[in-house]
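Read through the structure below, which is laid out as structure tokens, and then see the notes.
The values are calculated or read from the model by the stated rules, or taken from the named source; none is laboratory data. Bear in mind the structure is a predicted one, so any value in this text is a computation, not a measurement. We place every Cβ from the backbone using ideal geometry, glycine too, and count neighbours over all the protein chains shown. For accessibility, only protein heavy atoms count, side chains too; no ligands or nucleic acids. Shrake-Rupley method; radii C 1.70, N 1.55, O 1.52, S 1.80 Å.
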Amino acid sequence: MTDERMALLELVEKGADTDLIRELLVYASERLMAAEVDQLTGAACGARTPDRINHRNGYRERGWETRVGRVELAIPKLRKGSYFPAFLEPRRTAEKALTAVIQEAYVHGVSTRSVDDLVKAMGGTGISKSQVSRLCEDIDERVQAFLGRPIEGHWPYLWIDATYLKSRQGGRIVSVAVIVAVGVNTDGRREVLGVATGASEAEVFWTGFLRSLADRGLRGVKLVIADDHKGLRAAARRVFSAGLQRCRVHWACNLLGHAVPKQRAAVAAMIRTIFAQDTKAEAFAQWDKVADALRDRHNKLGTVMDASREDVLTYMDYPKEHWAQIASTNPLERVNKEIKRRADVVGIFPNEEAVIRLVGALMLEQSDEWAVSRRYFSLESLARLADTHAPQLPAVAVRAGSDPS
């Protein structure tokens, strides 16, 4: 077996019959991917069986650099969830970033026992600072290029959400807000547009973050979808002249927090009647009815509803086909879960640079995945958006253009 393997490697090195070797690689990789997808779906391709738990949904192209040149792979897509070949996993940027963060924690001597065991399992004993530095530089270069790239075109919708991770600062362990901004352009495509760490309640932070996106070319923002972060509303209006949609899921959770536990199921059912309306006028009327009914039970519930009607129902000013996606930050739920899953491996990040390194690498790969998936919104529905909402330039861009200097 060893002689046969050596002979094959020698053949590859000499460049003889590379087309044949490449075809063998494609054949083998296709069989491996088919076997993995069979396990994920619970059935072979085209098979009818009650054991099936998922379905195939076409393919996406990806290049694979090998010793015999570049091989084009057709990676299967799933109707629910995502699939990535196991034999390509070690090459992923996010995995390298995770390794880099763990190793950096190891070098700084701040790893927990579980992280230390993981480092050893990776063969990371005796890691030098120079090795960690080279690995981090390689990841940082790619991540910073991604996070600093020019933003082209118009992006009518911008989702912003915060996830909180643990990091060391000045010898203390603090909770760091990691902000992720995702946009949809007029071609219906999603991309991660920015990642930052900062104080999520501070208006100066939000203004700086949004202006950094505008400086990179972000234009045409009509609606920012986010939780009720203090300062974000003013910053969105100042930088993009855009409205703010308060996440109705987070709002509902906040409202239910003021209700007596025994009444929460009934209150939730009443709230759902508001969002079931077909027009904004009907939703406003239903909102007032529900607010008055709840006010009789608990004055605080009525007060909360009175103060938030416009914020929660802003999405109804936009095409109905978009309502499900722009009414809340739920489209970022899967992104945040993946960030948390990887961050749980690290536990406590050694610094904020390590946070950006890992989250940025994850978001880079998420954008790549979205780039080859179907449109998030149809072109027809986006055309109706353009008809009802005239595009606007960001406020910072308008001021820059009118500056006589």
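Of a type in the set (Lys, Arg) and surrounded by 21 or more Cβ atoms within 10 Å (Cβ to Cβ), is that true of Arg295? So Arg295 does not fit the description; no. Which residues, counting only those in the stretch 1-51, are modelled with pLDDT under 75, within 33 Å of the chain's Cα centre (by Cα) and either in a loop (DSSP other than H, G, I, E, B) or more than 30 Å from Gly81 (Cβ to Cβ) (or both)? The answer is none; no residue qualifies. Checked against the criterion of being at pLDDT below 90, under 22 Å from Ala236 (Cα atoms), out of contact with any helix residue (DSSP H, G or I) (no Cβ under 6 Å at 6 or more places or on another chain) and surrounded by fewer than 22 Cβ atoms within 10 Å (Cβ to Cβ), the candidates Glu201, Glu137, Glu152, Glu141 yield just one match: Glu201.
When Ala252, Ala269, Ala276, Ala285 are screened for being surrounded by fewer than 17 Cβ atoms within 10 Å (Cβ to Cβ) and under 28 Å from the mean Cα position of the chain (by Cα), only Ala276 passes. The selection criterion, being in contact with a strand residue (DSSP E or B) (Cβ under 8 Å, 6 or more places away or on another chain) and open to solvent by 30 Å² or more (accessible area, probe 1.4 Å), holds for Arg246. Restricting Ser167, Ser175 to residues that are out of contact with any Pro (no Cβ under 6 Å at 6 or more places or on another chain), among the polar types (S, T, N, Q) and open to solvent by less than 50 Å² (accessible area, probe 1.4 Å) narrows the list to Ser167. Those residues that are in contact with an Asp or Glu (Cβ under 7 Å, 6 or more places away or on another chain) and either part of a helix (DSSP H, G or I) or buried (at least 20 other Cβ atoms within 10 Å of the Cβ) (or both), I need them from the stretch 218-243; list them, please. Ala226, His229, Ala234, Ala235, listed by residue number. Taking the stretch 151-175 as the range and being part of a strand (DSSP E or B) and over 24 Å from Gln245 (Cα atoms) as the test, the residues that pass are Leu165, Lys166, Ser167, Arg168, Gln169, Arg172, Ile173, Val174, Ser175. Scoring Ser367 on the criteria (1) modelled with pLDDT of 90 or more; (2) hydroxyl-bearing (Ser, Thr, Tyr); (3) under 30 Å from Glu61 (Cβ atoms) leaves a single failure, condition (1).
Considering the stretch 255-266, the residues that are of a type outside the set (Lys, Arg) and more than 16 Å from Val290 (Cα to Cα) include one that is most open to solvent (accessible area, probe 1.4 Å), namely Pro261. Looking at this structure, is Gly188 in contact with a helix residue (DSSP H, G or I) (Cβ under 7 Å, 6 or more places away or on another chain) and farther than 22 Å from Arg342 by Cα? Yes: the conditions hold for Gly188. Tallying residues that are polar (S, T, N, Q), in contact (Cβ under 8 Å) with a residue 40 or more places away in the chain and out of contact with any helix residue (DSSP H, G or I) (no Cβ under 7 Å at 6 or more places or on another chain) within the stretch 282-319 yields 1.
For the stretch 312-322, residues that are closer than 14 Å to Phe275 by Cβ and open to solvent by 10 Å² or more (accessible area, probe 1.4 Å) total 3.
To keep it simple, each residue is scored yes or no on (1) within 20 Å of Gly360 (Cβ to Cβ); (2) without any contact (Cβ under 8 Å) to a residue 40 or more places away in the chain.
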| residue | (1), (2) |
| --- | --- |
| Leu158 | yes, no |
| Glu191 | yes, no |
| Ala199 | yes, yes |
| Lys222 | no, no |
| His258 | no, no |
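For the stretch 204-240, give me each residue that is at pLDDT below 90 and polar (S, T, N, Q). Passing the criteria: none in range. Looking only at residues of the stretch 334-360 that are of a type in the set (Gly, Ala, Ser) and at pLDDT below 85, we find that the one that is most open to solvent (accessible area, probe 1.4 Å) is Gly347.
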